[in-house]
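The structure appears right after this line, and notes come after that.
Please treat every number below as a calculation from the coordinates, not as lab data. Just so we're clear, the structure is a prediction, and the values are computed from it rather than from any experiment. Using ideal geometry, Cβ is built from the backbone for each residue, glycine included, and neighbour counts are taken over all protein chains shown.
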Amino acid sequence: MMDEIRKEIRNIEKSAERLKSLAKDNNAIRKNAEIILTYLYILKFITPVWGEEDQ
Amino acid sequence: MEYWNPYTETLPQEKLASIEFSYFKNLFSYAKSHSALYRDKLKGMEVGDIKTFDDIKKVPFTYKEELRKWQENVEPFPYGGLLGVDIKDVCTFRQTSGTTGKPVYVPESYESWQWRIESWCHILYMAGFRPRHRVFLPFGYNVYVAFWEAHYAAEKVGCEVIPGGALDTKGRVNKIIELKANAMTGTPTYCLNIAQEAMNMGIDPKSLGIERILGAGEPLPEATRRRIEETYGCHMFDHIGSTETCGYAGMCEAKKGLHIIEPFFLIELLDRETLSKEVAEGKQGVIVITPLGRRSFPVLRFNTMDVAIKGPSNCDCGRTSRKLMEIVGRVDDIRKIRGVLFSPKTIEQLIRSEFPDIVEFEIVVTREDIMDEITLRIEATPKLGKDDIENLTKRLKERAKIKTNLTCKVKVEPQGGLPRYDLKAKRFKDMREVK
């Protein structure tokens, strides 16, 4: 199940990055996309794979 | 058994160690490229030098004094060389209490603050805080971090939070009753104060309906923990943390020691003499902490100078994280009094710099029932009259309160009433543990 969760986190990350880039002229949308990315940082931190170098 | 994060909280210890090793290396690289302090401190050392878990010990300790030094006259104001992100990304200012010297200013980016809150959610959840709880926080949060962490983490866990600042103790008792709060965090001393105030108002603390309390800000001896449980008819839990390191360990329902929040923190417990070897279970060690995911204020191997007894990795609750069985105290002379760090040196500096008419003094800390009291015993020059003595006493109380954040009693002794010293003076007497 953790593999599925990690895969979904990567999918959301791609979407949030794209949202951020699409909304570079819209403060509200860009900021909310950045906040999604903040929580993705935490989601990756709390779903670690041991032995991997990168989070 | 319920966990906040069943995945990380039940991972085998060797897997947690592997993750923490990996996170440590990430943070090492990050700190070296983003923090002026660590660019300087880690000169000549590369992440490739950390090949095994033991190699972490090659990384020098970070001390509080260094943090202060790297904030003095170093841009960007006020964080200086400690800042690990662009200053535009800092969203929250916090600071240490400053009772041991100049306060350390702590920058939190939105990311780091949320990381910190996530860590604190573990502490609350293992103490049994749940969405059904209405949590009362009896404290004016100000620029200090602990109750802000409790506030936001309680929200995230799903509790309803009642900020209880800007009220006196009676007002807080009334607010608990009015809103039917059923959980609380607070210093153990203040929790007992609230109970005492309730009794003064003719209210049995058990009738307040508080089910759970998380202690914060000062040590929680087992006897005090049980006394609070009996007084309120509730469950009382402990945790430990600091402004620099975040809350890093908490007590579960088994109430046997504090679980380290892994893999958020790499905690080393090192022998006091050499500070180089991890101590064995049941032995005392100095706590060295690396918060592994906080990037706005990266700190590697922070030597807390706190001493704890190392606990086992197994627990009735099923969590696999390592445990601290008991916080023994501090390596140096700093004491925690009513939840505030107190340095006798602060009083000495105050008296020596501002009160030339005080010829000798002594600081005595006692525990009256469960309340810590500081008494400043002073001897003044004989030339002072009654009015002068009264003014001196009043001014000393005021200045000591400002310098230490603690209320001190002042007792004027007759001439020769205090001991004199030829060699090392012993002007600080902590009588709290003396029977």
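Annotations
- When you count the other C-beta atoms within 10 angstrom of each residue and take the mean per peptide, B:263-271, B:42-50, B:243-251 line up highest first as B:243-251, B:263-271, B:42-50.
- Put simply, the amide H of B:Glu108, placed in the peptide plane, has neighbours under 5 Å in B:Cys91, B:Thr92, B:Arg94, leaving out anything fewer than 5 places away on its chain.
- Of all DSSP-defined beta bridges confined to segment B:293-431, some 70% are antiparallel rather than parallel.
- Highest mean packing comes first when the peptides B:22-30, A:39-47 are listed by Cβ atoms within 10 Å, giving B:22-30, A:39-47.
- In order through segment B:222-236: 3J(HN,Hα) via Karplus (6.51 cos²θ - 1.76 cosθ + 1.60), integer Hz, x for Gly, Pro: 4, 5, 5, 4, 5, 5, 5, 4, 5, 5, 8, x, 9, 9, 10
- Remark: mean inter-chain Cβ contacts per residue of B:5-14 equal 2, using a 10 Å Cβ-Cβ cutoff to other protein chain atoms.
- Normalised by residue count, chain A yields a Cα convex hull volume of 69 Å³ per residue.
- For chain B, the residue among B:Gly164, B:Pro382, B:Ile50 whose Cα projects farthest onto the positive side of the dipole built from Cβ charges is B:Pro382.
- Cα gyration tensor shape of chain B, rounded if a/c is under 1.5, else prolate or oblate by comparing a/b with b/c: oblate
- Charge dipole of segment B:239-341 about the Cα centre (unit charges at C-beta), most positive-ward option of B:Asn303, B:Gly285, B:His239: B:His239
- Pairs from B:Lys43/B:Lys88; B:Lys64/B:Lys403; A:Lys24/B:Lys88; B:Lys255/B:Lys426; B:Lys32/B:Lys64; B:Lys206/B:Lys429 whose Cα-Cα separation, in the structure shown, is over 29 Å: B:Lys255/B:Lys426; B:Lys206/B:Lys429
- Among the residues of B:109-115, the average count of other protein chain beta-carbon atoms within 10 Å of the residue beta-carbon is 4.
- For segment B:1-151, the gyration tensor built on C-alpha atoms gives an oblate shape. Its axis ratio a/c (a ≥ b ≥ c) is at least 1.5, and a/b is not larger than b/c.
- Here segment B:239-295 is treated with +1 on each Lys and Arg Cβ and -1 on each Asp and Glu Cβ, and its dipole about the Cα centre works out to around 140 debye.
- GNM top mover of B:Gln95, B:Gln196, B:Gln349 - chain B, alpha-carbon springs below 10 Å: B:Gln349
- Beta bridges from DSSP with both residues in the protein assembly as shown: antiparallel share about 65 percent, rounded to the nearest 5.
- As a rough footprinting exposure proxy, the listed residues B:Met325, B:Met371, B:Met184 were ranked by other beta carbons within 10 Å of their own, and the order from fewest upward is B:Met371, B:Met325, B:Met184.
- Extension gain, B:Ile203 to B:Ser276, is 21.0 nm, computed as 0.36 nm per intervening residue step minus the present C-alpha separation.
- Counting only residues at least eight positions apart within a chain, or on another chain, the aspartates and glutamates with an alpha carbon under 15 Å from that of B:Lys25 are A:Glu52, A:Glu53, A:Asp54, B:Glu46, B:Asp49, B:Asp54, B:Asp55.
- Hz values of 3J(HN,Hα) by residue in segment B:184-195 - Karplus curve (6.51, -1.76, 1.60), Gly and Pro given as x: 7, 10, x, 5, x, 4, 6, 4, 6, 4, 4, 4
- Dipole magnitude (debye, nearest 20) for segment A:2-45, charges at Cβ of Lys, Arg, Asp, Glu: 140 debye
- Note on chain B: GNM, Cα springs under 10 Å; of B:Gly257, B:Gly101, B:Gly285, the largest mean-square fluctuation is that of B:Gly101.
- Protection proxy ranking for B:275-282, B:109-116, B:34-41, using the average of other Cβ atoms within 10 Å per residue and placing the highest first: B:109-116, B:34-41, B:275-282.
- The residue among A:Pro48, A:Asn26, A:Asn11 whose Cα reaches farthest toward the positive pole of the charge dipole of chain A, with charges on the beta-carbon of Lys, Arg, Asp and Glu, is A:Asn26.
- Phi to ³J(HN,Hα) by Karplus 6.51 cos²θ - 1.76 cosθ + 1.60 over segment B:304-315, Hz, x for Gly, Pro: 6, 6, 8, 10, 9, 9, 6, x, x, 9, 10, 8
- Within chain B, DSSP assigns beta bridges of which about 65% are antiparallel (rounded to the nearest 5).
- This model, with +1 at the C-beta of Lys and Arg and -1 at the C-beta of Asp and Glu, gives segment B:343-430 a dipole about its Cα centre of some 220 debye.
- Per residue of peptide B:20-26, the mean number of Cβ atoms on other chains within 10 Å of the residue Cβ is 3.
- Full-stretch length increase - B:Glu2, B:Lys175 - with 0.36 nm per residue and alpha-carbon distance subtracted: 59.2 nm
- With bins 20 Å wide beginning at 0, the percent of Cα pairs of the protein assembly as shown falling in each bin runs 21, 53, 23, 2, 0.
- Gyration tensor verdict on segment B:135-194 (Cα atoms; rounded if a/c is under 1.5, prolate if a/b is larger than b/c, oblate otherwise): oblate
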